[in-house]
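Quick note: the coordinates plus some simple rules give every number you see, no bench work behind them. Owing to the predicted nature of the structure, the values given are computational and were not obtained by experimental measurement. Reconstructed Cβ throughout: ideal geometry from the backbone, glycine too, with neighbour counts over all protein chains shown.
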């Protein structure tokens with residue numbers, strides 16, 4: 001019976017394409033992330049993980065601790081041309097023995113939402129996961145009340161696996177149900193073609 005495993009363990013790397021550059025998260029990015037979160041005051045959204053301005057340093061430290069422990073790989077999302085920080089995303093719940101990881105903790109400034117940024121980021125992350133790391137499956141999870149996030153994940157082509165009830169605390173202390181999604185390696189070629197099409201068709205691009 002064969003054992004699943006990544007071709008190589010997830011490690012800090014820069015991913016670039018479609019006007020977006022994902023760079024390894026660093027403590028030096030705190031000011032840029034605070035500015036991105038202030039674009040829409042995203043920390044007021046109870047169904048997201050966006051840190052309040054004074055909590056940004058701790059947010060980064062927690063992500064880097066997860067990286068050191070081997071179960072997270074956080075990125076800062078930047079505009080490739082200007083270097084402006086747009087938000088952040090990460091691989092998390094990395095399970096090397098199953099060649100499984102999830103994509104999450106994703107957020108962008110309000111002015112970058114509903115632009116090409118999320119599609120570009122997901123394409124870069126999925127290409128690296130499936131084509132370089134040779135993941136068997138990529139997962140997502142989101143709050144049962146975060147309908148916008150659920151729709152965004154479904155637009156990627158991921159399958160809804162189900163709901164884990166009474167699963168995790170929200171920032172306001174209430175307990176959420178968690179909606180789980182996944183994409184298997186065999187489904188990736190069709191999803192890749194779809195994401196590439198989405199990026200090639202005319203759509204609004206936020207000004208840099």
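Directionally averaged projected area (the chain, Cα convex hull): 11.6 nm². In plain terms, the residue of 130, 6, 75 with the fewest other Cβ atoms within 10 Å comes first and the most crowded comes last, giving 6, 130, 75. Using only Cα atoms, locate the centre of the stretch 104-162 and the centre of the stretch 1-80, then give the distance between them in Å, rounded to an integer. Cα centres, the stretch 104-162 to the stretch 1-80: 14 Å.
The mean of 1/r over all pairs of different alpha-carbon atoms in the stretch 97-208, once inverted, gives a Kirkwood hydrodynamic radius of 15.1 Å. Among 153, 85, 147, the ranking by other beta carbons within 10 Å of each residue's beta carbon, starting with the fewest, stands as 147, 85, 153. Relative to a virtual label point 7 Å from the Cα of residue 61 in the Cα→beta-carbon direction, which members of the stretch 30-44 show backbone nitrogen distances below 17 Å? Only 30-31, 34 fall inside the zone, counting backbone N under 17 Å. Using a cutoff of 8 angstrom between alpha carbon atoms and counting only pairs six or more residues apart, the relative contact order for the chain works out to 21 percent. Annotation: the residues 160, 176, 165, 192, sorted from fewest to most other C-beta atoms within 10 Å of their own C-beta, follow the order 165, 160, 192, 176.
Just checking the listed ones, 145, 181, 108: in the Gaussian network model of the chain with Cα springs under 10 Å, the one fluctuating most is 145. Computed from the Cβ-Cβ distance with R0 of 25 Å, the FRET efficiency linking residue 46 to residue 69 stands at 0.35.
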